[in-house]
Structure formats: C-alpha cells, structure tokens
Amino acid sequence: MEGPTDEYMFVSLYTRHREPLLKGEDAKRLLLEKLGETKKQFHLVIAAYVVLDDHVHLLFTSPPGNECSAIVNSLRASFQRELRKGGSSVEDTQTQVWEHGLKVRTLMSKEELRDHLDFIHYDPVRHGHVERAGDYRWSSLAKRMAEGHYPHDWAELAPPAGVARVLKFAPLAQ
C-alpha cells in the first residue's frame with residue numbers, strides 16, 4: 001500500500017447529532033461516489049473506508065500540499081450539494097448532514113496504520129451491523145480481501161488487537 005507520502009490520515013466524520021442520516025443504500029452509494037470524485041480531484045490513495053449509518057471513517061494519503069481539511073470539506077460539501085439536488089432518499093435534504101469540525105489523526109508508523117486499517121474494517125461488527133466484517137457492503141474490506149491483504153475469515157473469532165489500541169484514543173474513533 002504505497003502512497004504519495006508515508007503519512008496516512010485517519011479521519012472520522014459524524015452526522016449531525018449522530019442521527020442515522022446515512023442509513024439508506026442511496027445515501028451510502030452517493031457518499032462513496034463522492035469519495036471517488038474526491039480521490040481523483042486530490043490524487044488520494046485511499047487505504048480504507050467504512051460508511052455506517054451515522055459516521056464514516058477514512059484512511060488516506062495525498063500528495064504534499066493537499067490539506068486534509070480541504071479534502072474532507074470538499075467531500076462533505078459535494079455530498080451535501082448532491083443531496084439537495086435530490087440525489088438521495090435522506091428525508092430532509094435541507095438538513096445539515098455533518099457535524100462541524102474535523103476529527104483527524106496522522107499515522108506515523110506501520111503499526112498505527114495496521115491498527116487503524118483493522119479498526120475501520122471491524123467497525124461494522126463493533127456497531128452490530130453484521131456478525132462477520134467481510135459481510136458488510138459499505139467498507140473497503142471486500143476489496144482488500146480480494147487483493148490478498150486479509151484472509152476471507154478475518155476476525156471471525158475475535159476482534160483484532162488493533163481495535164482496542166485505536167479505541168484508547170476515544171472519542172476520535174467512536
């Protein structure tokens with residue numbers, strides 16, 4: 001997983017008041033579409049993502065000069081604009097979708113990177129959406145499994161140790 005820099009950014013985005021504004025498939029699909037556009041616009045390498053009903057975790061790196069806040073604000077704004085055009089089933093498209101502010105952590109070691117990859121991919125299990133992480137559709141785990149980075153039975157018996165290490169930095173990763 002080589003990127004333009006050795007610095008990966010772990011970003012958590014929360015919906016307003018943690019409401020399940022991303023609950024429907026349309027909203028999740030739209031967010032992933034906008035993530036793809038943001039990836040192209042900023043030349044990102046996206047190592048992992050997960051879209052849950054009330055929050056999103058991203059792990060990416062970008063070329064020097066791209067500010068993390070500019071990248072994330074572009075993603076949030078394009079998603080919100082598309083909602084307002086009627087591109088989703090979110091009930092009130094005039095509602096502010098995202099909490100203000102940005103929760104971000106710069107990862108500086110391979111161990112931190114691995115822990116955060118595992119955290120992101122295990123999060124749907126942690127929140128009770130699925131029993132097996134590989135069954136969750138709105139995550140990068142299936143792609144990472146297909147690439148051989150994770151076995152197909154990954155984390156079926158217990159959460160990976162990295163999840164607990166990431167949680168100790170709560171509330172960033174909640």
Restricting to DSSP H runs of at least four residues, report the calculated mean residue ellipticity at 222 nm for the chain, -39500 (n - 2.57) per run over all residues, nearest 500 deg cm²/dmol. -12000 deg cm²/dmol
Cα extents of the stretch 118-174 along the principal axes, largest first, in whole Å, come to 31, 20, 20
Given backbone amide H placed at 1.01 Å from N, residues whose amide H is under 5 Å from that of ALA48, ignoring those fewer than 5 places away on the same chain, are LEU59
Projected onto their principal axes, the Cα atoms of the stretch 1-71 stretch, largest extent first, over whole-Å spans of 34, 22, 20
Identified option (computed log10 I(q)/I(0) by the Debye sum over Cα atoms at q = 0.10, 0.14, 0.16 Å⁻¹; candidates [x] -0.40, -0.74, -0.92; [y] -0.48, -0.76, -0.90; [z] -0.36, -0.72, -0.96): [z]
Dipole of the stretch 10-139, positive end: most advanced residue of LEU75, LEU102, GLY134 [Cβ charges, Cα centre]: LEU75
If you build a Gaussian network model of the chain, linking Cα atoms that sit under 10 Å apart, which residue out of ALA161, ALA133, ALA142 swings the most? ALA161
Quick check: at a probe of 1.4 Å, how many percent of the accessible area of the chain sits on carbon and sulfur atoms? 50
Dipole magnitude of the stretch 21-90 about its Cα centre, charges +1 at Lys/Arg Cβ and -1 at Asp/Glu Cβ only, in debye to the nearest 20? 180
Just to be sure I understand: with springs between alpha-carbon atoms less than 10 Å apart, which residue in SER12, SER139, SER69 has the highest mean-square fluctuation in the Gaussian network model of the chain? SER69
Among VAL130, VAL50, VAL11: highest mean-square fluctuation, GNM of the chain, C-alpha pairs under 10 Å: VAL130
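The values are calculated or read from the model by the stated rules, or taken from the named source; none is laboratory data. These figures come from a predicted structure and were not determined experimentally. Every residue, glycine among them, receives a Cβ derived from its backbone with ideal geometry; neighbour counts consider all protein chains shown. Surface accessibility is based on the protein's heavy atoms, side chains included, excluding ligands, DNA and RNA. Shrake-Rupley method; radii C 1.70, N 1.55, O 1.52, S 1.80 Å.
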